[in-house]
Amino acid sequence: MDSFTAVARHQYINLMTFRSSGETIATTVWFVLDNHRIYVRTGHNAGKVKRIRRNSHVIIEPCNSRGVALGPQISADARICVPSEYERINTLLNQKYGVMKRFIDVMTRLRGGSNTYDVIEITGSPNVLS
């Protein structure tokens, strides 16, 4: 079993990206595992997207909804997917999170939020850090 498969049973991960100063910024996110890759949907040009464009190294760890770690940290690489991949990933996220994901999508639209998003793919040879 690879490190990503061990994370798959969880509902949340902390996605840690790096500022140019080297400071780590952790964000608790929903994710889906597909073909030994982790995918995360996030707002278009969110801070984590900008940081990944500058430095593709990330650290992930399974966590609860409040960001409390539930497993080891895993070092990996990330990239921003091309828009043609977005629909497939959104479908996988809908399958995993069901009604709650669809409800949040609707509430975001009703509150005037943007339907524009980016998808992050986490790959590489994951390395368990702790």
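The values are calculated or read from the model by the stated rules, or taken from the named source; none is laboratory data. Owing to the predicted nature of the structure, the values given are computational and were not obtained by experimental measurement. Glycine also receives a Cβ, built like all others from the backbone with ideal geometry; neighbour counts cover every protein chain displayed.
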>> So, T42, is that one surrounded by fewer than 17 Cβ atoms within 10 Å (Cβ to Cβ) and part of a strand (DSSP E or B) or not?
In response: no
> Taking the stated definitions as given, is R66 in a loop (DSSP other than H, G, I, E, B), over 12 Å from V119 (Cβ atoms) and not aliphatic (A, V, I, L, M)?
Replying inline: yes
> Would you pick out the residues in the stretch 19-44 that are among the hydrophobic types (A, V, I, L, M, F, W, C) and touching a Ser or Thr at 6+ places or on another chain (Cβ under 6 Å)?
Replying inline: I25
>> Suppose we keep only residues that are of a type in the set (A, V, I, L, M) and assigned to a helix (DSSP H, G or I) within the stretch 1-39. Which one would you say is surrounded by the most Cβ atoms within 10 Å (Cβ to Cβ)?
In response: V7
> Any idea which of G71, G67 is within 16 Å of H10 (Cβ to Cβ) and modelled with pLDDT of 95 or more?
Replying inline: G67
